[in-house]
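No value in this document is a laboratory result; all are computed from the given coordinates. Remember, it's a predicted structure, so these values are computed and weren't measured experimentally. Cβ sites come from the backbone with ideal geometry, for glycine too, and all protein chains shown count toward neighbours.
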Amino acid sequence: MRREFVPIYMITGFLESGKTTLGLTVLENERFTNGGPCLIIQCEEGEVEYDSERLEKYKGILVNLEDADELTTAKLGQLETQYRPTCVIMEYNSMWGLELLDRLRLPRLWGWAQVVTTADATTLANYMTNMRKILTDPMKTADMIYINRCGESFDKAYWRKQIRAMNSGCSILFENTDGSVEDGVRDEDLPYDMKAPVIEVSEDQFGILYLDSMDHPERYDGKKLRLVGQAYRKKEFPPGFYYFGRQAMTCCAEDMQACGWVCKGDRTPDNKTFFTLTARGKKVVSPDGREALMLYEENTERAKTPREEYVSFANI
């Protein structure tokens, strides 16, 4: 198997905060592991274990490091030579400090793909009070913060605000005690007025609307929206339909694509002209069973080009 890039998924968090459970999710998904051997570097052992049956089934290779002195550039090079993994899961011990990672030189093909910080909702407040720096330092640099064991009394809105103050660009997910996962976003957490007769979405809020509508199309069902975008032609669309959206940078400057919604209306697709769309939202179900938001055009007006060329997904 040809190896071009070996992604490292680093999971940080206190002991028994759910790191191994999340690591198992990565191990069992070929989209992350690329179908080859997956090296798991475990810096502390928690209550959940990587059992031998799972490791064999999903080509997992478990390496335990008991001391921070064992995590070195030389050790990573040795593991690369010995196992030649197509994916690396690193369960990092937050007590070792993030400064250690800054001193590491990764093997040539390895690179950080995603940093996830896990936290236990039942101990979060206590740790925030007594061990704040050790808890929050990983959160400040995480791509995703995953809080599990959330009971009915856990105030998700409060903790979203606390996390947003530390890290404005990360994704935040809450796992409830019944196993369901949600982002914890309520109508009042959104930057636009969900109770207004017409929801005015400014250009810097476009990305927020897009992501929230992907997760919660029912929130916008029957709502009237006004926002600026462009009309894109899609070959598979019948007459009277177009794709309304804006260009977004998904991972790099070379990887650009439009993000938006299917819109039913009379607008002639022209992805060079910006216009203000007033439309009614409707939750629909696609042929594969997925729910999505669709827009029904009510009015269009020519608009100025947004100040920022690309859509931002910050502060979601």
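Miscellaneous remarks
- Helical runs assigned H by DSSP (4 residues or longer) give the chain a calculated mean residue ellipticity at 222 nm of -6000 deg cm²/dmol, each run adding -39500 (n - 2.57) before division by the residue total.
- Here is the list for the range 125-227: GluC sites (Glu not before Pro) lying in DSSP coil, each with at most 16 other C-beta atoms within 10 angstrom of its C-beta, are E152.
- Relative contact order of the chain: 14 percent, from C-alpha pairs under 8 Å at least 6 residues apart in sequence.
- Taking the Cα centre of the chain as origin and assigning +1 to Lys and Arg Cβ atoms and -1 to Asp and Glu Cβ atoms, the resulting dipole is close to 1400 debye.
- For the range 1-65, averaging the sequence separation of C-alpha pairs within contact (under 8 Å, six or more residues apart) and dividing by the residue count gives a relative contact order of 32 percent.
- For the range 123-179, the spread of Cα positions along the three principal axes, ordered from largest to smallest, is 29, 25, 16 Å.
- For the range 6-182, the normalised intensity computed at q = 0.13, 0.19 Å⁻¹ comes to -0.65, -1.33 (log10 of I(q)/I(0), Debye sum over alpha carbons, equal scatterers, no solvent).
- Counting 0.36 nm for each residue step from R233 to M128 and taking away their Cα separation leaves a gain of 32.8 nm.
- Site pair T81 and S52 shows an inter-label distance of 2.9 nm when each label is modelled 7 Å from Cα along Cα→Cβ.
- Residue order, fewest to most beta carbons within 10 Å, for F274, F5, F14: F5, F274, F14
- DSSP-assigned coil residues among trypsin sites (Lys or Arg not before Pro) in the range 31-118, each with at most 11 further Cβ atoms within 10 Å: R103, R105, R108
- Counted residue by residue at 0.36 nm each, then reduced by the alpha carbon distance between them, the extension gain from E70 to R103 reaches 10.6 nm.
- When the charge dipole of the chain is built from unit charges on Cβ atoms (+1 for Lys and Arg, -1 for Asp and Glu) and taken about the Cα centre, the candidate among Y50, H216, T300 whose Cα reaches farthest toward its positive end is T300.
- Ratio of the Cα radius of gyration of the range 95-158 to 2.2 N^0.38 Å, where N counts its residues: 1.35
- The charge dipole of the range 5-71, taken about its Cα centre with unit charges on the Cβ of Lys, Arg, Asp and Glu (plus for the first two, minus for the last two), comes to roughly 520 debye.
- Cross-link table K156/K234; K156/K304; K161/K224, entries beyond 31 Å C-alpha to C-alpha: K156/K234; K156/K304
- Taken over the chain, the ratio of Cα radius of gyration to 2.2 N^0.38 Å equals 1.15.
- Cβ charges +1 (Lys, Arg) and -1 (Asp, Glu), total dipole of the range 192-302, debye: 380 debye
- At most 10 other Cβ within 10 Å, DSSP loop - trypsin sites (Lys or Arg not before Pro), the range 220-292: K235, R290
- Just checking the listed ones, T21, T273, T33: in the Gaussian network model of the chain with Cα springs under 10 Å, the one fluctuating most is T273.
- Selected from F237, N148, N130, residue furthest toward positive end of dipole (the chain; charges at beta carbon): F237
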